[in-house]
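For reference, the structure is listed below as structure tokens.
Derivation of every value follows stated rules applied to the coordinates shown; laboratory data play no part. These numbers come from a predicted model, not from an experiment. Note that we place each Cβ from the backbone using ideal geometry, even for glycine, and neighbour counts take in every protein chain shown.
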Amino acid sequence: MTEKEEKTYSISELAKEFDITTRSIRFYEDQRLLTPLRNGQTRIYSKRDRVRLKLILRGKRLGFSLAETGQLFELYDADKSSVTQLNTMLKLIEQKKSELHQQLDDIKVVLMELVTVEKRCRDTLADAKQSKTA
């Protein structure tokens, strides 16, 4: 296969490969994160679209918003030297780490509160059972 005959993918092939719906892929296209060619009503996805879809899904798993992912794509398209892209990525990573640490702290507080409420419920239940038997 020559460069001009680069592998292309249908929407259903990508959906199957990444275990997502075709609707999701169309949504990413609507958000301008993917830019397939068209042959009439048929979408023709390039290797670039496939890589971008993989990055979109990885970004989602890591907690990046579609806007943040789109921002990185724009930087990459505009500045292939990658210095700006890497600095922006590092900034986004720091922000995401900070958000996750805050969520972790919040979860720890909620867990402590739940343990306290659970103990009170168990104590009250024990007292209620004791009152019935007395």
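By the rule of a C-alpha distance below 17 Å, with chain neighbours fewer than 8 residues away ignored, the lysines paired with Lys97 are Lys60, Lys108.
When you count the other C-beta atoms within 10 angstrom of each residue and take the mean per peptide, 94-101, 109-116 line up highest first as 94-101, 109-116.
Using just its DSSP H runs of length 4 or more, each adding -39500 (n - 2.57), the chain gives a mean residue ellipticity at 222 nm of -24500 deg cm²/dmol after division by all residues. Take the Cα of Asp127, step 7 Å toward its Cβ, do the same at Arg48, and the gap between the two points is 7.0 nm. What you get for the chain, charging only the Cβ of Lys and Arg (+1) and of Asp and Glu (-1), is a dipole of about 360 debye around the Cα centre. Relative protection proxy for 118-128, 62-72, from highest mean packing down: 62-72, 118-128 (other beta-carbon atoms within 10 angstrom). The list (1) 1.31; (2) 0.95; (3) 1.37 gives values of Rg/Rh (Cα atoms, Kirkwood Rh), and only one came from this structure; which label was calculated from it? Of the labelled values, this structure produces (1).
Distant-in-sequence amide contacts of Ile44, defined by a placed amide H-H separation under 5 Å and a gap of 5 or more residues or a different chain, comprise Leu37, Arg38, Asn39.
Among the trypsin sites (Lys or Arg not before Pro) found in the stretch 1-88, those both in a DSSP coil and sparsely packed, with 12 or fewer other Cβ atoms within 10 Å of their Cβ, are Lys7, Arg32, Lys80.
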